Amino acid sequence: MMGLIDRIKSWFRRKPKTSTISSPYPESSVPPVPSGPLSEGDLLVQEHDQLDTERTRLRQEIVVVDKQYSQGEIEAGARDRAYRTKLARAGRISMRQLEIRTQLVEMGHPIPDGWGAISIMR
């Protein structure tokens, strides 16, 4: 059972990047928002980034649940329920991100470099 949990946790860990991309603004700050109304493509990019932030938060919550279980604060059943709910949400986020990427490609909107390889739903 622990081997399965380790595999699940590894799915949520970021893989090291081979190169770093320099950003025009500091990491702690928010990217500048255009003063005019956002285009549909820009709104989709913004939604994708928000979903990415939520997935990162879910990864951190899984680590907390794992720590609570290892310290005996919660039982195996509670840990499993927490894992299932967080993994289900992460799966829905992944599907929505895939839909967003597909829509952006269909619209001809530029894809941010930081997203890495782009998968497209067919």
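Just a few scattered comments:
- Any chance residue 100 is outside any helix (DSSP H, G or I) and either at pLDDT below 90 or surrounded by 13 or more Cβ atoms within 10 Å (Cβ to Cβ) (or both): no
- Condition broken by residue 107, with the remaining ones in (1) among the aliphatic types (A, V, I, L, M); (2) modelled with pLDDT of 90 or more; (3) open to solvent by 70 Å² or more (accessible area, probe 1.4 Å); (4) touching a Leu at 6+ places or on another chain (Cβ under 9 Å) satisfied: (2)
- Residue list for segment 63-97, restricted to those being among the charged types (D, E, K, R), open to solvent by 80 Å² or more (accessible area, probe 1.4 Å) and part of a helix (DSSP H, G or I): 67, 81, 84, 92
- Flag if residue 122 is of a type in the set (Lys, Arg), at pLDDT 90 or above and either at positive phi or open to solvent by 70 Å² or more (accessible area, probe 1.4 Å) (or both): no
- Cross-chain or 6+ apart pairs with Cβ under 7 Å, segment 71-90 first and over 17 Å from residue 57 (Cα atoms), then of a type outside the set (Phe, Trp, Tyr) and open to solvent by 40 Å² or more (accessible area, probe 1.4 Å): 74/68
The values are calculated or read from the model by the stated rules, or taken from the named source; none is laboratory data. Because the structure is a prediction, the values reported are computed rather than measured. Glycine gets a Cβ as well: all are built from the backbone with ideal geometry, and neighbour counts include every protein chain shown. Heads up: the accessible areas ignore ligands, DNA and RNA and are worked out on the full protein's heavy atoms, side chains in. Shrake-Rupley method; radii C 1.70, N 1.55, O 1.52, S 1.80 Å.
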